[in-house]
Amino acid sequence: SNMTKAFSYVQHFEKPLESLLPPRCWLVIRLDGNRFTPFTRHLTKPVDERLRQVFVHSARDLLRKENDLCLAYCQSDEISLVVRKNSDWFGRRKEKILSHLASGYTSHFTKRVIESA
């Protein structure tokens, strides 16, 4: 189909730009929240316990889903995730790991926000 051809064409340009993360070492991936001020305007300051719980439970959900992760740490609107030393997750392709974790965390976070409303 035309869509398949277009996708293959785009992938052709992605390959040379991909960067691989070093093998056999721990990786710490930090996901940073974006534009949380408008989102949190009506919440309790300095820390809204319900929102903190959403962050923590979302990180835990992602940690449980992804076997290549071994630790998650939440600080403010940032999440640090540790990838196992011997992991060959996505061939250690940086862009793939980052996009997967960002979308996965966002998905868990959105689900938890809706559930807590």
Roll a 1.4 Å probe over the protein chains and send me the accessible area per residue for the chain in Å².
71
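I'd like the trypsin sites (Lys or Arg not before Pro) in region 57-101 restricted to DSSP loop residues with at most 16 other Cβ atoms within 10 Å, sorted by number.
Details: sites: ARG60, ARG64, LYS65, ARG84, LYS85, ARG92, ARG93, LYS94, LYS96; in loops: ARG84, LYS85.
Here the sparse-neighbourhood loop sites are ARG84, LYS85.
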Segment PHE36-HIS100, length gained on full extension (0.36 nm per residue, minus Cα span):
20.9 nm
In the chain the accessible area split gives carbon plus sulfur, as whole percent at 1.4 Å, a share of 57
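Write down Rg/Rh for the chain, rounded to two decimals, with Rg from the C-alpha atoms and Rh from the Kirkwood relation over Cα pairs.
Details: Rg = 16.9 Å, Rh = 16.0 Å.
Taking Rh as the inverse mean 1/r over Cα pairs, Rg/Rh reads 1.06.
Please get the size of the charge dipole for the chain, origin at its Cα centre, with Cβ charges of +1 on Lys and Arg and -1 on Asp and Glu, quoted in debye to the nearest 20.
Details: 20 positive and 13 negative charges, 24 e Å.
Value, rounded to 20: 120 debye.
From the P(r) of region 54-115, could you give the percentage of C-alpha pairs in the tail past 17 Å? Intermediate results must be reported in sequence, preceding the final value.
Working: 674 of 1891 pairs.
The share of Cα pairs beyond 17 Å in region 54-115 comes to 36 percent.
The values are calculated or read from the model by the stated rules, or taken from the named source; none is laboratory data. Note that the structure is a prediction, hence the values are computed from the model and not measured. Virtual Cβ from ideal backbone geometry, glycine too; neighbours counted across all protein chains shown. These area figures cover heavy atoms from the full protein model, side chains too; ligands, DNA and RNA do not enter into them. Shrake-Rupley method; radii C 1.70, N 1.55, O 1.52, S 1.80 Å.
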